[in-house]
Amino acid sequence: MNKTKFLLIACTVFAAMSAHARDTEYKLPIDDVVNGPEQAKFAGVKFYFGKHKTPAVGQQLGEFVTNKKTNAFGKADEDACKWAMASALIQFAEKAKSLGGDAVVNVRSYYKKDEFSSGTEYECHAGAMVAGVALKGEIVKLK
């Protein structure tokens, strides 16, 4: 088989696979990540998911979105989702610290700009190659 034919076949197969890409939605426990092995990387910043009651807010520092993806190839979807969620929380923590904040309140899933708010679960989407978590929340300085 010549090189041109091979490339044409490979491109056709890849395009067909992409057209039917898997996008499985999961609702997974927040506690598995917040209390998981990566928690030290977002220590010093508290997270309040959904409409959970928060301590008094001293200063609002802005609403932000994080959208983290991770390689899901060869990993269980739930494991890839936990990694993406931990990465999203780490990014929020770093942003909060850089702004002088110590908490992120009203944290909710924001996948493809669709909000899902829960005090116990986050939304993750996993495919054959990538898993992703998007969050939206308000960074604050507590009193």
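The values are calculated or read from the model by the stated rules, or taken from the named source; none is laboratory data. Just so you know, these numbers come straight off a predicted model, no measurement behind them. Glycine also receives a Cβ, built like all others from the backbone with ideal geometry; neighbour counts cover every protein chain displayed. We work out accessible area using only protein heavy atoms, side chains counted, and drop any ligands, DNA or RNA first. Shrake-Rupley method; radii C 1.70, N 1.55, O 1.52, S 1.80 Å.
Data for the structure
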{"read-out": "Region 71-122 - charge dipole about Cα centre, Lys and Arg +1 at Cβ, Asp and Glu -1, debye rounded to 20", "value": "180"}
{"read-out": "Extension gain (nm, one decimal) between ALA56 and TYR26, 0.36 nm per residue minus Cα-Cα", "value": "7.6 nm"}
{"read-out": "Added length on full extension, which subtracts the Cα-Cα distance from 0.36 nm per residue, GLU78 to LYS141", "value": "19.5 nm"}
{"read-out": "Long pairs among LYS27/LYS97; LYS51/LYS82; LYS27/LYS141; LYS41/LYS68, criterion Cα-Cα beyond 24 Å", "value": "LYS27/LYS97; LYS27/LYS141"}
{"read-out": "Sequence of HIS125, HIS52 from largest to smallest accessible area, 1.4 Å probe", "value": "HIS52, HIS125"}
{"read-out": "R0 of 25 Å, Cβ-Cβ distance GLU115-ASN35: FRET efficiency to nearest 0.05", "value": "0.55"}
{"read-out": "Accessible area of the chain belonging to carbon and sulfur atoms, whole % at 1.4 Å probe", "value": "56"}
{"read-out": "Total charge dipole magnitude, the chain, about the Cα centre, Cβ charges on Lys, Arg, Asp, Glu only, Debye to nearest 20", "value": "400"}
{"read-out": "Of (i) 15.7, 50; (ii) 18.5, 70; (iii) 14.9, 42, the label for Rg and Dmax of the Cα atoms in Å derived from the coordinates", "value": "(ii)"}
{"read-out": "Value at 222 nm in deg cm²/dmol, rounded to 500, when DSSP H runs of n ≥ 4 in the chain each add -39,500 (n - 2.57)", "value": "-10000 deg cm²/dmol"}
{"read-out": "Whole-number accessible area per residue in Å² for the chain, which is evaluated in the context of all protein chains at 1.4 Å", "value": "59"}
{"read-out": "Gaussian network model of the chain, springs between alpha carbon atoms under 10 Å - residue of LYS112, LYS95, LYS46 with greatest fluctuation", "value": "LYS112"}
